[in-house]
Amino acid sequence: MKIFMAAFFASVLLCPGCSSKWTTHTACKNDKLELLYQSCDPLQDLGFSMDHCNNPISKNLKIRFGVILRHDIQELFLDINLFSMGKSILSYSYPVCEVDFPKFSFCGKKKGEKIYYAGDINNQAFPIGKGEYHILLRLFNEKRFTIICANITAISS
């Protein structure tokens with residue numbers, strides 16, 4: 001029995017793509033808005049939460065997220081793609097960390113270190129129309145290695 005269990009755990013650890021998808025987590029929820037997310041990186045999950053789940057999204061969002069790095073980040077880039085009813089309605093790219101201009105304390109972190117951010121994200125306040133929206137969020141480093149990948153579902157009623 002011990003040999004079977006050891007073989008089972010070894011296969012799960014060595015073949016993460018063979019196991020089921022990561023759990024869907026709730027970032028925030030109230031009667032008018034629900035944000036759900038799931039890691040789309042087969043090798044690691046991430047943690048994310050957002051205070052004040054309001055619609056319209058408030059100007060100063062307080063968020064928290066954490067992940068353990070599998071790759072160094074000298075430079076870090078963000079890509080966001082927004083879909084509604086299967087159609088792309090927005091694509092956005094933003095340099096988060098640049099070699100000469102590190103904007104956050106986690107810029108320059110090395111493989112194996114933890115990124116934890118708790119703070120404000122300043123943006124324009126915007127309403128989310130009724131419906132279901134899918135967001136693909138991807139952070140990648142200068143070598144195009146995925147640092148964070150998340151599928152986000154926003155449900156507005």
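The values are calculated or read from the model by the stated rules, or taken from the named source; none is laboratory data. These numbers were taken from a predicted model, which means no experiment stands behind them. Cβ: placed from backbone, ideal geometry, glycine included. Neighbour counts: every protein chain shown. Surface areas here come from the heavy atoms of the whole protein model, side chains and all, with no ligands, DNA or RNA. Shrake-Rupley method; radii C 1.70, N 1.55, O 1.52, S 1.80 Å.
Stokes-Einstein at 10 °C, 1.306 mPa s, Kirkwood radius from Cα pairs: D for region 13-118 in µm² s⁻¹?
Values: Rh = 16.1 Å.
Using the Kirkwood radius from Cα pairs, D works out to 98 µm²/s.
Probe of 1.4 angstrom, ligands and nucleic acids ignored: what's the accessible area per residue over region 19-157, in square angstrom?
Values: 8370 Å² over 139 residues.
Accessible surface, normalised per residue, equals 60 Å².
Length gain on complete extension for the stretch residue 63 to residue 104, per 0.36 nm per residue less the alpha carbon to alpha carbon distance?
Stretched out fully, the residue 63 to residue 104 stretch lengthens by 13.4 nm.
Given a cut-off of under 8 Å on Cα pairs at least six residues apart, what relative contact order in percent is computed for the chain?
Values: 343 pairs, mean separation 41.5, N = 157.
Once divided by the residue count of the chain, the mean separation gives 26 percent.
Using 23 Å as the Cα-Cα cut-off, could you pick out the over-long pairs in 111/143; 59/109; 32/114?
Working: 111/143 13 Å; 59/109 29 Å; 32/114 33 Å.
Table pairs above 23 Å Cα-Cα are 59/109; 32/114.
May I ask you to derive the FRET efficiency for residue 118 and residue 157 from their Cβ-Cβ distance with R0 = 30 Å, giving the value to the nearest 0.05? Write down the numbers at each step before the final one.
Values: r = 29 Å, r/R0 = 0.95.
According to the calculation, E is roughly 0.55.
Please give every one of the aspartates and glutamates within straight-line cross-link reach of residue 21, meaning a C-alpha to C-alpha distance under 15 Å, and leave out same-chain neighbours fewer than 8 residues apart.
Straight-distance partners of residue 21: 41, 45.
Helix-only mean residue ellipticity at 222 nm, the chain, DSSP H runs n ≥ 4 weighted -39,500 (n - 2.57), per residue, nearest 500. What is it? Don't skip to the end; give the middle numbers.
Numbers: 1 runs with 13 residues, N = 157.
Computed ellipticity for the chain at 222 nm equals -2500 deg cm²/dmol.
How far, in nm, would the chain grow between residue 87 and residue 144 when pulled straight, counting 0.36 nm per residue and subtracting the alpha carbon separation?
Details: separation 57, 0.36 × 57 = 20.52 nm, distance 2.53 nm.
Residue separation times 0.36 nm, minus the Cα-Cα distance, leaves 18.0 nm.
I want to make sure I understand the PRE zone here: with the label point 7 angstrom from the Cα of residue 111 toward its beta carbon, which residues in region 69-85 have backbone N atoms less than 19 Å away?
Residues passing the 19 Å test: 69-77.
In the neighborhood of residue 111, defined by Cβ-to-Cβ distances under 15 Å, what is the net charge if each Lys or Arg adds +1 and each Asp or Glu adds -1? Don't skip to the answer; put the middle values down first.
Values: positive: 70, 109, 110, 114, 143; negative: 41, 72, 75, 113, 142.
With Lys, Arg at +1 and Asp, Glu at -1, the neighbours total 0.
In whole percent, and with a 1.4 Å probe on the protein chains, what portion of the accessible area of the chain is carbon and sulfur?
Details: 6150 of 10080 Å².
It is 61 percent, rounded to a whole number.
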